[in-house]
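Below is one structure, written out as structure tokens; the observations come after it.
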Amino acid sequence: MAVMCDSWIIKMAREKKMIDPFSQKQIRSGISFGVSSYGYDISLSDKFRVLNLDGLSEIDPKKDNSQHFSELQAESIAIPPRSFILAQSREYFKIPREVVTICFGKSTYARSGVIVNVTPFEPEWEGYATISISNTSPLPARIYAHEGIAQLLFIKADEVCHTSYRDKKGKYQGQKEITHSKPD
């Protein structure tokens, strides 16, 4: 296995439309996004889902919790203290069969108490990423649409996997909008 460099990411984005829209170089207005040395900094769309705590005693990942979230479209949003929101990547991804990604939050946000959680993009997963963004600080924390939120590292396997996310008909395959946890 090897972490793939910028030239491989550019090649795959062109040949396989792995990332769309794709920024071949880092865009440095606001919080940067685009190709980096060994990864790709993904950006946020302007679509968010905000948790409404009224009448909620717990969040159960085995149940449909979508009714406890309200949709919001905005250029920026303040995440309440010690809370989280769901957001959507601006980019649509098509991960090749021999690749898996891991994701890390951007340091600019981490230094403000904002933690980004994106699960790995498995081989042959495709869709817009649903991103969970937590504010660990005691104050509201603002995030911005159309700017960087996290960095993906692409890891290419020495062998192609036997069963891909597409093969097993993964429940988050092809998501076009912010997708809440789905019961099995």
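Annotations for the structure displayed:
- The chain - mean residue ellipticity at 222 nm from DSSP helices (-39,500 (n - 2.57) per run, n ≥ 4, rounded to 500): -2000 deg cm²/dmol
- Helix 6-16 axis versus longest C-alpha principal axis of the chain: approximately 90°, rounded to the nearest ten.
- Stretching the chain fully between residue 132 and residue 82 yields a gain of 16.7 nm (0.36 nm per residue, less the alpha carbon separation).
- Cross-link partners of residue 17 among aspartates and glutamates (Cα-Cα below 18 Å; sequence separation of 8 or more within a chain): 6, 41, 91, 98, 122, 124, 126
- Lysines with Cα under 25 Å of residue 16, excluding same-chain neighbours fewer than 8 positions away: 25, 94, 156, 168, 169, 171, 176
- For region 80-93, 3J(HN,Hα) per residue [Karplus equation, 6.51 cos²θ - 1.76 cosθ + 1.60, θ = phi - 60°, Hz, x = Gly/Pro]: x, x, 6, 9, 8, 10, 10, 9, 10, 5, 6, 8, 9, 10
- 3J(HN,Hα) from dihedral phi, region 96-108, Karplus parametrisation 6.51/-1.76/1.60, rounded to Hz, x for glycine, proline: x, 4, 9, 10, 10, 10, 10, 10, 10, x, 7, 5, 4
- Only Cα sites of region 83-151 enter the Debye sum here, all with the same form factor; the resulting log10 I(q)/I(0) across q = 0.13, 0.17, 0.23, 0.29 1/Å is -0.38, -0.62, -1.00, -1.38, listed in q order.
- When all alpha carbon pairs of region 31-184 are counted in 10 Å bins from zero, the resulting P(r) reads 11, 38, 35, 14, 2 %.
- Extension gain, residue 65 back to residue 20 (0.36 nm per residue minus Cα-Cα distance, nm): 13.3 nm
- Burial ranking of peptide ranges 159-171, 72-84, 132-144 (average Cβ count within 10 Å, highest at the top): 132-144, 72-84, 159-171
Read-outs throughout are calculated quantities, based only on the coordinates presented, and are distinct from any laboratory measurement. Just so we're clear, the structure is a prediction, and the values are computed from it rather than from any experiment. Cβ atoms come from the backbone with ideal geometry, glycine included; neighbour counts cover every protein chain shown.
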